[in-house]
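Here the structure is laid out as structure tokens; the discussion comes afterwards.
The values are calculated or read from the model by the stated rules, or taken from the named source; none is laboratory data. As the structure is a computational prediction, the values presented were derived from the model and not from experiment. Note: ideal-geometry Cβ built from the backbone for every residue, glycine included; neighbour counts use all protein chains shown. Quick note on the areas: whole protein, heavy atoms, side chains included, nothing else; ligands and nucleic acids left out. Shrake-Rupley method; radii C 1.70, N 1.55, O 1.52, S 1.80 Å.
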Number of protein chains: 2
Amino acid sequence: MIRRTSRQLRIGKVTVGGDTSVVVQSMTKTDTRDIHATINQLKQLEDCGCEIVRVAVPDKEAATSLATIKKGVSLPIIADIHFDYRLALGALKAGVDGLRLNPGNMGDKEQVSKVVAAAKEREVPIRIGVNAGSLPADFQPRAPLAERMGNMALEQIRFMESLDFSLIKVSLKAFDVPTTIQAYQMIADKMPYPLHLGVTEAGLPRTGAIRSAIGIGVLLYQGIGDTIRVSLTAYPCEEVFVAYEILKSLGLRQRGPTLVSCPSCGRADVDIIALAEAVNKRLEKISKPIKVAVMGCVVNGPGEAKDADVGIAGGKGKGAIFRKGKVVGTVSENRFLQALMTEIESLNERGL
Amino acid sequence: MIRRTSRQLRIGKVTVGGDTSVVVQSMTKTDTRDIHATINQLKQLEDCGCEIVRVAVPDKEAATSLATIKKGVSLPIIADIHFDYRLALGALKAGVDGLRLNPGNMGDKEQVSKVVAAAKEREVPIRIGVNAGSLPADFQPRAPLAERMGNMALEQIRFMESLDFSLIKVSLKAFDVPTTIQAYQMIADKMPYPLHLGVTEAGLPRTGAIRSAIGIGVLLYQGIGDTIRVSLTAYPCEEVFVAYEILKSLGLRQRGPTLVSCPSCGRADVDIIALAEAVNKRLEKISKPIKVAVMGCVVNGPGEAKDADVGIAGGKGKGAIFRKGKVVGTVSENRFLQALMTEIESLNERGL
């Protein structure tokens, strides 16, 4: 994985692009005008590991609310703006750390110039957020969708550059995974700005996590992407969870424990599914990046258990407990969970 | 996506490799000696769309059971063999459609020759199933893991070829996603046989689906892979569900409905999460590949709803219902679910 080089920028206290870690974003799903509810959700997002949060700004009251919301939280806030450039000016006045403008529904150059001038004055980055669902039908109607998305972003980039503005981030989201991948690939070499990855409207968590993992994962594996947002029809911390799992799977970030567990088969003498679920439930309280292996038999059991910080390789009525690659004891089946948790908790307290 | 060309072979009635669709596999998790339970699970797997099933053969009794199991189902059965070559011979005698041998724990050339001879006589393909967790420690200990896995498979391939056997399939599974990807990439150009993809011991569904989607997805997007198995610590039909979602996301297979739904945000006037969950629950009974969009506002709502077979773009207290790209009515919020389902059911009956 050789990472694409992008120009670094800052969204409030968070650095995006260049050689910094891929940053995790989400979005509040509260009514932005409900300041109390929005601050509460922002705090929950901070607790679950979100690093930048976007907030919708559908009207003037929402834009005004941002001033109070900003004071209530330390997370960087990006105002999500569609249609009306005046809401972007209002959000900047309220002190947001970033803007997202949708070029598909904010095409007037004079209006965009005003937003760019105000953002430049405050050194606030703007994401050019192209979305397949809001691409104007008359924009290059005969080109393939991915190309249309990329070209729309490039056009807006060139325009902002002509205004001597370079605090730019770009996203090109579609529901279709290959379209999303192609759009980002197309633009990656054509401009130097950081890329915000996402598969849009990916749906409910069970399927949306899969779509997002493939779209975002393929791009990250190609070295493309500086910040990600997983779009799920769910409570926002679920988006953050999935985002970290994607990054963890590719070795790009560490966060919390990792459970290696075998799928079980006709060879297992132990109820692996129940044991893995019980271990996983207890692991939710552990924040350190401990790797735990729950394995049902001697085929891959000892190998995987050895490779983990703590592991069990089950056998007929008993299992071997591993700590950092060494067998530290054999326990009977009814003591599997307890023995594993003793090792995990001791590791969690002592440090890895 | 240009697909790697692989040599086609047949596992029972199912063709794998070449230009055929990517095939979905899973594995029974019952005790293979419990013939009744195993046949039951095989039938459930057939119902949920699994196309080939692997069955563990831990001992002689399990091998013998396969004869009765085979008679009870029409799905192709692959016997999963470790350690003992005689179990492979027993499984072949019982009439299995394929074998999986683990070269990491069955290295004796004379024994493997006997299995190959018996498989050749019956024209039964053998998967060389390398697994990171069962790689012998003394096999090329200084090489990187992915290379060791690939080389172990290549060694076994050359040996089987020397016995004039070519009904070969290959897998190279690790828990680590980049290692898995690298191992498959390394071998893809070095031999002509179909590849069975999987990320091994990927864990419980919530995280395992993400790991599997990235590992399998990156490879499929590179045109690598002829059949896939998602390894989850869960009931096997969950593996099949995730496998199809991976293939659907990349446009490689169609199966059942697809729900496009927006993540909701401070702009939504409608409870999108509840509506999407309700629609999804009803869609579980639909088998046709209908695309349904549940969208919360006017930003991407009309665009995505137009692109779906049936869609709703919500607004203040009411929403526009779309059928095949055209608005067919406006309904009040309390009738969203009913109006959508009327359209979906009508499409399901009339055909797409």
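Roughly how many nanometres apart are two label points built 7 Å out from the Cα toward the Cβ at A:D59 and B:R122?
In this crude spin-label approximation the distance works out to 7.2 nm.
Taking only C-alpha pairs under 8 Å that are 6+ residues apart, what is the relative contact order of chain A in percent?
Result for chain A is 13 percent.
Stretched out fully, how many nm does the piece from A:E155 to A:V328 gain, at 0.36 nm a residue minus the Cα gap?
56.0 nm
Can you give me the C-alpha center-to-center distance between the stretch A:280-352 and the stretch A:243-276, rounded to a whole angstrom?
Between the Cα centre of the stretch A:280-352 and that of the stretch A:243-276, the gap is 12 Å.
Quick one: angle between helix A:109-122 and the longest Cα principal axis of chain A, in degrees between 0 and 90, rounded to 10, please.
The answer is roughly 60 degrees.
Please work out which residue of chain A brings its Cβ closest to the axis of the rotation superposing A onto B, and round that distance to whole Å.
That would be A:A213, 2, residue then distance in Å.
Indicate the gyration tensor shape class of the stretch B:275-317 (rounded, prolate or oblate), computed on the Cα atoms with a ≥ b ≥ c the square roots of the eigenvalues: a/c under 1.5 is rounded; otherwise a/b larger than b/c is prolate and the rest oblate.
Oblate.
Rank these by accessible area, largest first, 1.4 Å probe: A:D97, A:D271.
So the residues, ranked largest to smallest area, are A:D271, A:D97.
At what distance in nm do the modelled label points of B:S21 and B:K190 sit from each other, each positioned 7 Å from its Cα along Cα→Cβ?
Label at B:S21, label at B:K190, 3.3 nm between them.
Can you classify chain A as rounded, prolate or oblate using the Cα gyration tensor, where a ≥ b ≥ c are the square roots of its eigenvalues, rounded means a/c under 1.5, and otherwise it's prolate if a/b beats b/c and oblate if not?
prolate
Whole number in Å², please: accessible area per residue of the stretch A:80-238, 1.4 Å probe, ligands, DNA and RNA not counted.
The answer is 31 Å² per residue.
Across the residues of B:302-308, average count of Cβ atoms on other protein chains within 10 Å?
Mean number of neighbouring Cβ atoms from other chains: 4.
Threshold 30 Å², probe 1.4 Å: give the residues of the stretch B:190-225, in number order, that are less accessible with all protein chains present than with their chain alone.
B:E201, B:L204, B:R206, B:T207, B:I210, B:R211, B:A213, B:I214, B:V218, B:Y221
What total accessible surface area, summed over both chains, is buried at the interface between chains A and B, computed with a 1.4 Å probe and given in Å² to the nearest 100?
Using a 1.4 Å probe, the pair buries roughly 5800 Å².
Going by Cβ distance under 4.7 Å, what cysteines of chain B have no possible disulfide partner?
So far as the 4.7 Å Cβ criterion goes, B:C50, B:C262, B:C265, B:C297 stand without a partner in chain B.
Specify the residue with the greatest mean-square fluctuation among B:P289, B:P194, B:P205, computed from a Gaussian network of chain B linking alpha-carbon atoms under 10 Å apart.
Taking springs between Cα atoms under 10 Å, the residue moving most is B:P289.
Ignore the peptide's own chain and count Cβ atoms of other chains within 10 Å of each Cβ in B:47-57; give me the average, rounded.
The mean count of partner-chain Cβ atoms within 10 Å per residue comes to 1.
Going from most exposed to least, what order do B:Y244, B:Y235 have by accessible area with a 1.4 Å probe?
I get B:Y235, B:Y244, largest accessible area first.
Which of these, B:A278, B:A56, B:A79, has the largest mean-square fluctuation under a Gaussian network model of chain B (Cα springs below 10 Å)?
B:A278
Ignoring everything but the protein chains, give the 1.4 Å probe accessible area of A:E304 in square angstrom, nearest 10.
10 Å²
Sort shortest first the distances from B:R122 to its counterpart in every other copy, using label points 7 Å along the Cα-to-beta-carbon line, and give them in nm.
Shortest to longest, the spacings are 7.2 nm.
For peptide A:66-72, what's the mean number of Cβ atoms from other chains within 10 Å of each residue's Cβ?
Averaged over the peptide's residues, the number is 0.
How many nanometers, to one decimal and shortest first, lie between the label point of B:D269 and those of its other copies, if labels sit 7 Å from Cα toward Cβ?
Result for B:D269, in nm, nearest copy first: 6.5.
So how exposed is B:L75, as accessible area in Å² (1.4 Å probe, rounded to 10)?
The accessible area of B:L75 comes to roughly 10 Å².
Using only the alpha-carbon atoms, how far is helix B:35-47 inclined from the longest principal axis of chain B? Give it as 0 to 90 degrees, nearest 10.
Tilt of helix B:35-47: around 50 degrees.
Per DSSP H run of n ≥ 4, the term is -39500 (n - 2.57); total these for chain A, divide by its residue number, and report the mean residue ellipticity at 222 nm rounded to 500 deg cm²/dmol.
Taken over chain A, the calculation gives -13000 deg cm²/dmol.
Leaving ligands and nucleic acids out of the surface, order B:E201, A:E61, B:E238 by accessible area at 1.4 Å, largest first.
Greatest to least solvent exposure: A:E61, B:E238, B:E201.
Taking the Cβ-Cβ separation of A:S287 and B:A278 as r and a Förster radius of 30 Å, what is the calculated FRET efficiency to the nearest 0.05?
The calculated FRET efficiency here is 0.30.
Which angle from 0 to 90°, rounded to the nearest 10, does the C-alpha axis of helix A:145-162 make with the longest principal axis of chain A?
60 degrees
Sort shortest first the distances from B:K285 to its counterpart in every other copy, using label points 7 Å along the Cα-to-beta-carbon line, and give them in nm.
4.2
I need the GluC sites (Glu not before Pro) found in the stretch A:77-139, filtered to DSSP loop residues with at most 13 other beta carbons within 10 Å of theirs.
A:E123
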